[in-house]
1. Give the ranking of Y15, Y194 by solvent-accessible surface, highest area first, calculated with a 1.4 Å probe.
2. For a quick check of understanding: with a 1.4 angstrom probe and all protein chains in place, what accessible area in square angstrom does K11 have, to the nearest ten?
3. Report the relative contact order of region 103-206, percent, no decimals, based on alpha-carbon pairs under 8 angstrom and at least 6 residues apart.
4. Under a GNM of the chain (C-alpha, springs under 10 Å), which listed residue has the highest mean-square fluctuation: V50, V62, V87?
5. Rounded to the nearest 0.05, what FRET efficiency do T166 and E188 give with R0 = 25 Å and r taken as the Cβ-Cβ distance? Could you check?
6. Of the candidates I90, I64, I207, which one comes out as most mobile in a Gaussian network treatment of the chain with C-alpha springs shorter than 10 Å?
7. Tell me the label only: which of (1) 13.5; (2) 14.8; (3) 16.3 is mean projected area of the Cα convex hull in nm² as calculated from this structure?
8. If you roll a 1.4 Å probe over the heavy atoms of the protein chains, what accessible area per residue do you get for the chain, in Å²?
Amino acid sequence: MSRRQFGLLGKNISYSFSKKYFSDKFVLGNLIDCSYENFDLQSIEEFSSVINNNPNLKGLNVTIPYKESVILYLDKLSKNASLIGAVNVIRVTKKGTLKGYNSDYYGFMKSLEPLLQPHHKKALILGTGGAAKAISFALDQLKILYTFVTREEKEGMIDYNRINATTFDNHQIIINCTPLGTSPNIKEFPPIPYQFFTSKHIAFDLIYNPEETQFLKKAKKKGAITKNGYEMLVLQAEKAWNIWNK
């Protein structure tokens, strides 16, 4: 058994990037005392048993659908995680307490920044889950205004049916924070009018598998700048590693 154990908390996560990424990192860095495993939970109620049954656990990544519900099980939150209302990194402190952090916003911010031009002033965020919360926080840091898009219209948000040519004129960055299009459901895509994308738009998809989703393909056909979530994942993973090794 390794002396320093890490892992990923999520549901149906056999496809996950994290296990391979960190396992390769441990091999390359000759970190023979480290291991990484997936904790595939059917319900967040199983989280306590993960902590109790893994005494060498030093840190966890958290993915869909537990980025918000895991907060109830933590002892403390970082300032940013508290402001965002979602956690994707957990550090087990020397005292055994659990502290939640968010490195998603950092990964996204650093990944989007090189694409930004002066006319990129407003964004549409497709989805309202834990990832979308981190994205909105990153956009706040970048001083970019945004509108959430949801299936049911709520206060301060619009539904998909309301998106038209004017919406695209006013929002030059479109970010997919939904799981639509993730492997194996690669034919799915968010229901937006793709004909209104232009070369002035950025289409950013948090999905990294497949490498090019239908969302990105359709946007690219209209000349949009496109980017998937792979670099964001690498950046947030490295940030997580730094947090665990504070």
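The values are calculated or read from the model by the stated rules, or taken from the named source; none is laboratory data. Quick caveat: nothing in here was measured; it's all calculated off a predicted structure. All Cβ positions, even for glycine, are placed from backbone atoms using ideal geometry, and neighbour counts span all protein chains on display. Ligands, DNA and RNA are excluded from the accessible area calculation, which covers all protein heavy atoms including side chains. Shrake-Rupley method; radii C 1.70, N 1.55, O 1.52, S 1.80 Å.
1. Values: Y15 100, Y194 20 Å².
Accessible-area ranking of Y15, Y194, largest first: Y15, Y194.
2. 70
3. Numbers: 151 pairs, mean separation 29.5, N = 104.
With pairs under 8 Å counted, the relative contact order is 28 percent.
4. V50
5. Working: r = 26 Å, r/R0 = 1.04.
In this case the efficiency is close to 0.45.
6. Fluctuation is largest for I64.
7. This structure yields the entry labelled (1).
8. Numbers: 12200 Å² over 246 residues.
About 50 Å² of surface per residue is accessible.
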